[in-house]
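The values are calculated or read from the model by the stated rules, or taken from the named source; none is laboratory data. As the structure is a prediction and not an experimental result, all values here were calculated from the model. Every residue, glycine among them, receives a Cβ derived from its backbone with ideal geometry; neighbour counts consider all protein chains shown.
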Amino acid sequence: MTESEKLKVIEKYKSLSTPAVSDALDRLGIKGGCEGIKPLYYGIKSAGFAVTLKYLPVSLAKESVGDYIDDITETSMLVLDNNGRLDCTVWGGILTVVAKRRNISGTVIDGVCRDVETVNELEYPLWSRGHFMVTGKDRVGLVGFNVPVSLSKVRVNPDDLIFGDNSGVVVIPYAKIAEVLEVALKIEEAEEKIVESVNSGLSLREAREKYNYHKLQSKR
């Protein structure tokens, strides 16, 4: 997929919500919701193709936390697998400044970040398990770049689509991007029609029955 094609896919997903995409994933039997991963601040929606980084506790040899940022494209969503650790960070203010300057789609961390003020000031899209001030330097090392990783027990492969909003983060396998999008658009359309029907005087029960609400996310 070219960068231009990726940008079009990103914009289509950003017209949706993560709940609609989550329901589409359920219908297709795909686990994609990342439990415990939340936006650092609310009001941001973003999507991008996964560039993955795998961290482990530091070894005897000094290992880089990451000087990778200069090579990341704007359609990329950085996925940092720090094993859910809450005691040290793998993302901070300097990385935020550079990522924002490069117009990168965002960052998702199975772990914590720091320099929250910088993230908020720049309105950089970031989802994590929280924030903590202790650096990961000399505590973790980058051991894998663009390898399969785990994001809250959801497998993420390089180039999978990552989509985040106020409700959290979902992972869409690369091979299923078009199919999930099609299903999610239909689900969101049905839910919008239910709201319109209720606002026009129909009861919720009638509106839900009319648009098959209870089977929208059922596996088929």
Tell me, please, whether a residue that is surrounded by fewer than 18 Cβ atoms within 10 Å (Cβ to Cβ), of a type in the set (Ser, Thr, Tyr) and either within 27 Å of Ala99 (Cα to Cα) or modelled with pLDDT under 80 (or both) can be found in the stretch 168-181.
-> yes
Residues (buried (at least 17 other Cβ atoms within 10 Å of the Cβ) and of a type in the set (Gly, Ala, Ser)) located in the stretch 25-61 = Gly32, Gly33, Ser46, Ala47, Gly48, Ala50
Can Leu216 be described as touching a helix residue (DSSP H, G or I) at 6+ places or on another chain (Cβ under 7 Å), at pLDDT 95 or above and buried (at least 19 other Cβ atoms within 10 Å of the Cβ)?
-> no
First in the stretch 113-137 and more than 21 Å from Gly48 (Cβ to Cβ) and without any contact (Cβ under 8 Å) to a residue 12 or more places away in the chain, second anywhere and among the charged types (D, E, K, R) and assigned to a helix (DSSP H, G or I), Cβ under 7 Å, 6 or more apart | none
Considering only residues of the stretch 35-76 that are in contact with a helix residue (DSSP H, G or I) (Cβ under 6 Å, 6 or more places away or on another chain), in a loop (DSSP other than H, G, I, E, B) and modelled with pLDDT of 90 or more, which is nearest to Tyr13 (Cα to Cα)?
-> Lys45
Of (1) surrounded by 15 or more Cβ atoms within 10 Å (Cβ to Cβ); (2) in a helix (DSSP H, G or I), Ser4 satisfies all except one. Which?
-> (1)
Subset of the stretch 86-115, residues surrounded by fewer than 18 Cβ atoms within 10 Å (Cβ to Cβ) and either in a helix (DSSP H, G or I) or not hydrophobic (A, V, I, L, M, F, W, C) (or both), comes to Asp87, Gly93, Ile94, Val97, Val98, Lys100, Arg101, Arg102, Asn103
Got a sec? Which strands (runs of 3 or more DSSP E) wholly within the stretch 145-210 have at least 2 residues that are on the phi < 0 side of the Ramachandran plot and touching a Ser or Thr at 6+ places or on another chain (Cβ under 8 Å)?
-> 161-165, 168-172
